[in-house]
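Read through the structure below, which is laid out as structure tokens, and then see the notes.
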Amino acid sequence: MKKQALLTVATFCATVCCAQSNVVYYGASSNALNVVFVDTNLSVKAKSAIVADLRICLSSEWGKEGEQFFWNQQELLLRDKGDLRFGGKDSVGYLSFVKRSPHYPEDIKFPRNVVSNETVGIALQITKELSDAYTNAFAFAVANSNTVKAAHEFVAFVSSPAFANVAPADLPNYFLSKKVTPEEIIANAPELMDALKYSTYYPPSVLGFTKSPVGPAASNLWLDVPSSSTTRSGYKEWSGLPAVWHEGKWKFSFWMME
């Protein structure tokens, strides 16, 4: 049953979930990079599910901006001495991104340490702390499979051209405010859509779901929908746009800041 649950979660994570090898792709040219895990007790299914989620993050424009760098000679000497600033003795380099991952919550960092592994060669290292976080997230996703599925469907819709054509009367189905009534949302639909429709939205990581006492219910489930927008100067900004699960629907909401 547990193995089947992990397969179900991996299906939610990405259509590429059933890959046989643990490889991710990053950068403008979709460079391949093997993945290795510090926790040797992880099952094959768990590793595949984690890799599938990593691929989700790296397939966005954010992941396309990633670059791999290797330590210079001086840094290698410090690395050999176990200096953790340079990943320790096994580290040969790192992945660099312009901004922190919009797919991950603020308290979890996207893996960046690149190591030399005797089995697979150069590889992205997944710490036990990160794989443990994934294990907990998978358990949550299995227990809330319908809600997680609905989140992916919600993000798919707001990512589509159809979202820009939502009728004002339907907008309360996609937006929730603590201070603004549904009637006021409808009345201010043009301004609200202008604020939402010019962003690009991306599929979320399984790590993006969080529970909080803040929100419209006693126990609130939130999701930061990964998004990007381009400034007038052409600079791309990355953020997570908060959405809350409320009355059987996912809705964008800035409840925490209102």
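The values are calculated or read from the model by the stated rules, or taken from the named source; none is laboratory data. Note that the coordinates shown come from a computational prediction; the quantities given were computed from them, not determined experimentally. All Cβ positions, glycine included, derive from the backbone under ideal geometry; neighbour counts span all protein chains shown.
If you scan the stretch 237-258, which residues turn out to be aliphatic (A, V, I, L, M) and either in contact with a helix residue (DSSP H, G or I) (Cβ under 8 Å, 6 or more places away or on another chain) or surrounded by 14 or more Cβ atoms within 10 Å (Cβ to Cβ) (or both)?
At the first step, the residues of the stretch 237-258 found to be aliphatic (A, V, I, L, M) are 241, 243-244, 256-257.
Within the stretch 237-258, LEU241, ALA243, VAL244 qualify.
Kindly indicate whether any position in the stretch 206-229 is basic (Lys, Arg) and within 24 Å of TYR104 (Cα to Cα).
Taking the stretch 206-229 as the starting set, the residues that turn out to be basic (Lys, Arg) are 211.
If we keep only those that are within 24 Å of TYR104 (Cα to Cα) as well, we get 211.
Looking for residues that are basic (Lys, Arg) and within 24 Å of TYR104 (Cα to Cα), one finds at least one in the stretch 206-229, hence yes.
Starting from the stretch 164-189, take each residue that is in the same structural domain as LYS249 (by TED's automatic domain parsing) and list its partners that are charged (D, E, K, R) and crowded, with 18+ Cβ neighbours inside 10 Å, counting only C-beta distances under 9 angstrom and pairs at least six apart or across chains.
PRO172/LYS251; ASN173/LYS251; TYR174/LYS251; PHE175/LYS251; LEU176/LYS251
For the stretch 201-221, what are the residues that are in a strand (DSSP E or B) and farther than 19 Å from ILE56 by Cα? Even if it seems obvious, please write down each step before you answer.
In the first step, residues of the stretch 201-221 are kept if they are in a strand (DSSP E or B); the result is 201, 209-212, 220-221.
Selection gives LYS211, SER212, ASN220, LEU221.
In the stretch 176-194, how many residues are in contact with a helix residue (DSSP H, G or I) (Cβ under 6 Å, 6 or more places away or on another chain) and outside any helix (DSSP H, G or I)?
Start the filter on the stretch 176-194 by keeping residues that are in contact with a helix residue (DSSP H, G or I) (Cβ under 6 Å, 6 or more places away or on another chain), which leaves 178, 182, 185-186, 189.
Within this subset, residues satisfying the condition of being outside any helix (DSSP H, G or I) are 178.
Adding up the residues that qualify gives 1.
Just to check your reading of the model, which residue among PRO111, PRO102 is touching a residue at least 40 places away in the same chain (Cβ under 8 Å) and in contact with a Leu (Cβ under 7 Å, 6 or more places away or on another chain)? So that I can check it myself, show each step before the final result.
On the way: PRO102 fails: in contact with a Leu (Cβ under 7 Å, 6 or more places away or on another chain).
The conditions single out PRO111.
Restricting the search to the stretch 199-228, which residues are exposed (fewer than 14 other Cβ atoms within 10 Å of the Cβ), hydroxyl-bearing (Ser, Thr, Tyr) and out of contact with any helix residue (DSSP H, G or I) (no Cβ under 9 Å at 6 or more places or on another chain)?
The answer is SER219, and nothing else.
Any residue at all in the stretch 229-236 that is exposed (fewer than 13 other Cβ atoms within 10 Å of the Cβ) and basic (Lys, Arg)? Talk me through it step by step, then tell me what you get.
Initially, the stretch 229-236 is screened for residues exposed (fewer than 13 other Cβ atoms within 10 Å of the Cβ), giving 230-235.
Cutting the leftovers down to basic (Lys, Arg) gives us 232.
Yes - at least one qualifying residue is present in the stretch 229-236.
Considering only residues that are of a type outside the set (Val, Ile, Thr), assigned to a loop (DSSP other than H, G, I, E, B) and either modelled with pLDDT under 95 or within 18 Å of the chain's Cα centre (by Cα) (or both), which ones fall in the stretch 25-42?
Restricting attention to the stretch 25-42, the residues satisfying the condition of being of a type outside the set (Val, Ile, Thr) are 25-34, 37, 39, 41-42.
Filter once more, keeping what is assigned to a loop (DSSP other than H, G, I, E, B): 27-30, 39, 41-42.
Correct list: GLY27, ALA28, SER29, SER30.
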